[in-house]
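The values are calculated or read from the model by the stated rules, or taken from the named source; none is laboratory data. Here the structure is a predicted model, which is why all the values come from computation and not from measurement. Please note: Cβ atoms are built from the backbone with ideal geometry, for glycine as well, and neighbour counts cover all protein chains shown.
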Amino acid sequence: MDVLVVDDDHLTRTSVSSVLRSAGFRTDEAEDGFVALERLRSMSVGSVLVDTDLPGLDGMQLLDKLDNPPPVIFMSSLHYGAEFILGKFEAYTLIQKPISSALLLMAVSRALATDHQGRR
C-alpha cells in the first residue's frame, strides 16, 4: 500500500484518496486512529496521511504508538505552527486544510521517496 489516509471526516478522507488514486497511488482508508494503528501494524504502508484532530486516538497519539512509522504527513484545519509539529513529532510535513491537489501530490511523492529513517 502506498498511502494510508486517516481522517474521521468521510468526505475529506474519500476526496483525498480519490485524488491520490487518480494519480496512480494505491490507497487505503481509516476513519480513526485505532483503525489506522491496526492497519499499520498488519500491513506495509509507504506513507501515512493523517488528520491531527481525530476523536479518541488523534494523529499525534497514533504516531507516538508506532516504533518505526513510515513517513507521516499531518493534515490539519487547526493552525499549528509547522515547527511545533515537525519538531515534536517525527512527521515528514504538515499540510493545512483545505488541501490543494497539487500540494497533496507533491507531499505524498516526496514522502514516498523517503525511507523510514528519513533518508532520501
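Would it be correct to say that I73 is touching a helix residue (DSSP H, G or I) at 6+ places or on another chain (Cβ under 7 Å), hydrophobic (A, V, I, L, M, F, W, C) and modelled with pLDDT of 90 or more?
Against the criterion (touching a helix residue (DSSP H, G or I) at 6+ places or on another chain (Cβ under 7 Å), hydrophobic (A, V, I, L, M, F, W, C) and modelled with pLDDT of 90 or more), I73 qualifies.
Just to verify a result, which residue in the stretch 49-69, among those that are at pLDDT below 90 and in a loop (DSSP other than H, G, I, E, B), is surrounded by the fewest Cβ atoms within 10 Å (Cβ to Cβ)?
Residue satisfying both the conditions and the ranking: D67.
How many residues are of a type outside the set (G, A, S), outside any helix (DSSP H, G or I) and touching a strand residue (DSSP E or B) at 6+ places or on another chain (Cβ under 7 Å) if we restrict to the stretch 38-48?
2
Considering only the stretch 42-65, how many residues are closer than 21 Å to F25 by Cβ and more than 11 Å from the chain's Cα centre (by Cα)?
3
Could you list all residues from the stretch 10-27 that are surrounded by fewer than 16 Cβ atoms within 10 Å (Cβ to Cβ) and out of contact with any Ser or Thr (no Cβ under 7 Å at 6 or more places or on another chain)?
H10, L11, T14, S18, S22, A23, G24, R26
Under 16 Å from V3 (Cα atoms), at pLDDT 85 or above and surrounded by 13 or more Cβ atoms within 10 Å (Cβ to Cβ): does that describe A113?
Answer is no for this residue.
Check off (1) touching a Leu at 6+ places or on another chain (Cβ under 7 Å); (2) surrounded by fewer than 21 Cβ atoms within 10 Å (Cβ to Cβ); (3) modelled with pLDDT of 95 or more; (4) assigned to a helix (DSSP H, G or I) for L86 and give me the number that stays unchecked.
(3)
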